[in-house]
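To keep things clear, I will list the structure first and then write my remarks on it.
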């Protein structure tokens, strides 16, 4: 019987016998690429690991070289600066200028001394009661070298330090002379004879806080209600002693209200800054020296309340119309009253105090 006539069903068993063999060969061929890929990945990992180790070693070596270089230059700088004043034959000024430039370029992180070391402390120690170290072991230049220098020091500060050190190198006795002058200093006269006169004692709210005789506000006695020129107030100078910018006065008393308004008039005051409440913890801090409404008469001065504006809970502003009944002149006076600055304390809020100051500057 010809092969072409063999039925398909009879050939099927023979085909099944050869099928497992073909599948096994295919599986073997498929496993070969996986082994090659694994070997390739392992090689890449080893190469990357070696490159990483090489990079780390390179960074460490570079850091070590930089550290040794900078540490060596810093050590040489300290040696040169320590021996700067001991070699009279060298050009100290030129050497110091170069060292100062180098020192200003060094960052504060490179300084091995603690931050609390300072040239001022070392200078002060020269005048202490303890033993004075010798110049070779503790000179002014070596103490300056131990001070941490800010890397962002401006050039003007550098010039000031340079000029001071140059003068100190040329004049070794400068600090001793300055100290002697400081010890011989005498304060300005502090007599308070007028404040403690019998007729003026009652005008002082405190017998400790009084005006000095040489710098007190003097009233015109002929215009005073008791023919006295005394009020417990002192001028505050700005730039011209002949023209004081401010007047510091105590809180008014019932017996000094007239003197207060006379002082305001005679000194041409246009702004009154009141920093105390009228009463605190049951104690009167200042007398109510202005009218709540309408006008009040204090000797020859008529005070009219024009307006009262509450800016916030911390301060308010009042406007007064002041008239001298003798001359019929009139002026406008503004009072800024801060309410929350308590006795023996500081204001709770800095913002309100700054706002208070800003309003005063705008008015003045």
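Quick notes on this one:
- Yes/no for residue 327 being surrounded by 14 or more Cβ atoms within 10 Å (Cβ to Cβ) and either touching a residue at least 24 places away in the same chain (Cβ under 8 Å) or within 25 Å of residue 261 (Cβ to Cβ) (or both): no
- Boolean, residue 210 is under 25 Å from residue 279 (Cα atoms) and within 35 Å of the chain's Cα centre (by Cα): yes
- Residue list for the stretch 179-191, filter: more than 24 Å from residue 213 (Cβ to Cβ) and surrounded by 10 or more Cβ atoms within 10 Å (Cβ to Cβ): 179, 180
- With respect to (1) touching a helix residue (DSSP H, G or I) at 6+ places or on another chain (Cβ under 6 Å); (2) assigned to a strand (DSSP E or B), the lone exception for residue 323 is condition (1).
- A count restricted to the stretch 254-269 and to residues that are in contact with a helix residue (DSSP H, G or I) (Cβ under 7 Å, 6 or more places away or on another chain) and either at pLDDT below 95 or more than 20 Å from residue 327 (Cβ to Cβ) (or both) stands at 2.
- Sole exception among (1) surrounded by 18 or more Cβ atoms within 10 Å (Cβ to Cβ); (2) under 32 Å from the mean Cα position of the chain (by Cα) for residue 204, by number: (2)
- Picking from residues in the stretch 295-324 that are in contact (Cβ under 8 Å) with a residue 60 or more places away in the chain and in contact with a strand residue (DSSP E or B) (Cβ under 7 Å, 6 or more places away or on another chain), the one that is surrounded by the most Cβ atoms within 10 Å (Cβ to Cβ) is 322.
- Residue pairs meeting the criteria (Cβ under 6 Å; at least 6 apart or on separate chains; first within 15 Å of residue 250 (Cα to Cα), in the stretch 206-226; second exposed (fewer than 11 other Cβ atoms within 10 Å of the Cβ) and at pLDDT below 90): 212/190
- For residue 292, the conditions (1) part of a loop (DSSP other than H, G, I, E, B); (2) in contact (Cβ under 8 Å) with a residue 40 or more places away in the chain all hold with the exception of (2).
The values are calculated or read from the model by the stated rules, or taken from the named source; none is laboratory data. Computed from a predicted structure; not experimentally measured. So basically every Cβ, Gly included, is an ideal-geometry build from the backbone, and we count neighbours across all protein chains shown.
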